[in-house]
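Comments concern the structure below.
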Amino acid sequence: MSDSMKQRLDAIRMRMAQVCARVGRDAADVHLLAVSKTFDANAIREAAALGLNAFGESRLQELRDKLPQLADLDLRWVLIGHLQTNKAKDAARWVHEVQSLDRLALAEVLHRRLQDEGRSIDVLVQVKTSPEPSKFGLDPADLPDFLDALKGFPALRVKGLMTLAINADDEQAVRGCFRRLRQLRDEAQAAGHDDVRRLSMGMTGDFEWAIEEGATDIRIGSALFGVRDYAPH
Ligand SMILES: *Cc1c(COP(=O)(O)O)cnc(C)c1O
């Protein structure tokens, strides 16, 4: 018999606590985002019953399909996938946080759409810390100007940075991505961006390294929900 979701969640929390203890961090400073993309509303309901209330989704279309089925729950929806500018209106209506803010054109449109809705949301700036060509994210060299520009968009509450590490088994390469993000965060703070505190980094395969390198938010999908099926549905 396969493990229950509760057993899997307990195992993740245990591993988080062990890493925190090892490096002298307070476990309360590391938040678990349950990445529910490709998993259905029933799985999210089960996770919510275990006390999780923030869920990461990659595609707004998929989120739209799930929302009506979960309308009775008070959930926080976090967008972690690439956001097309022409979908900004949907994001402005449905999402509580965007972790994939990676370009000025998107910030402008998202801000305008949020103002239309009378809302403001938390955002993290997605930074490209890995040389892999397929990854989205802002070039680190552009971060200082980008953070300055975001001051002009009060509906976007900038809370920190997000990254995807290089997809490799090379521990030092993966850690290098996480360290880079932390260094960029420290530089942003030194430049006066006091609210840029959070570091969203680490997934099922690398979250322990990420916590060691300073992650405040880890994004966990398969370790919690099981293996993903990417087939169309
Ligand atoms: C899918 C996804 C995750 C979770 O991946 P797992 O390896 O299943 O934990 C985390 N972050 C982003 C941006 C994702 O797209």
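Laboratory data are not the source of any read-out in this text; all were calculated from the coordinates shown. Small disclaimer: the values here were computed from a predicted structure and weren't measured. Virtual Cβ from ideal backbone geometry, glycine too; neighbours counted across all protein chains shown.
Note on LYS135: lysines with a C-alpha under 20 Å away, same-chain residues under 8 apart excluded, are LYS37, LYS87. The calculated 222 nm mean residue ellipticity attributable to helices in the chain amounts to -12000 deg cm²/dmol, summing -39500 (n - 2.57) over DSSP H runs of n ≥ 4 and dividing by all residues.
Grab the beta carbon distance between GLN18 and HIS82, set R0 = 41 Å, and tell me the FRET efficiency rounded to 0.05. About 0.80, to the nearest 0.05. Put a dot 7 Å past the Cα of ASP142, heading toward its Cβ, do the same for ARG93, and the two dots end up 2.9 nm apart. By the rule of a C-alpha distance below 20 Å, with chain neighbours fewer than 8 residues away ignored, the lysines paired with LYS159 are LYS128, LYS151. Segment ARG157..ASP170, full-extension length gain: 1.2 nm, with 0.36 nm per residue of separation and the alpha-carbon distance subtracted.
Other residues within the sphere of radius under 13 Å centred on the Cβ of TYR230, judged by their own Cβ, net out at +1 (K and R +1, D and E -1).
The mean sequence distance of close C-alpha pairs (under 8 Å, at least 6 residues apart), as a share of the length of segment 9-137, puts its relative contact order at 16 percent. Separation of segment 39-109 from segment 194-209 is 19 Å, based on Cα centroids. Please state the relative contact order of the chain as a whole percent: Cα pairs under 8 Å, 6+ residues apart? In percent, rounded to a whole number, it is 20. ARG22 sits among other residues whose Cβ lies under 11 Å from its own Cβ, and their net charge, with Lys and Arg +1 and Asp and Glu -1, is 0. Close amide H pairs (under 5 Å, H built 1.01 Å from N) link MET162 with VAL125, GLN126, VAL127, SER200, residues at least 5 positions away or on another chain.
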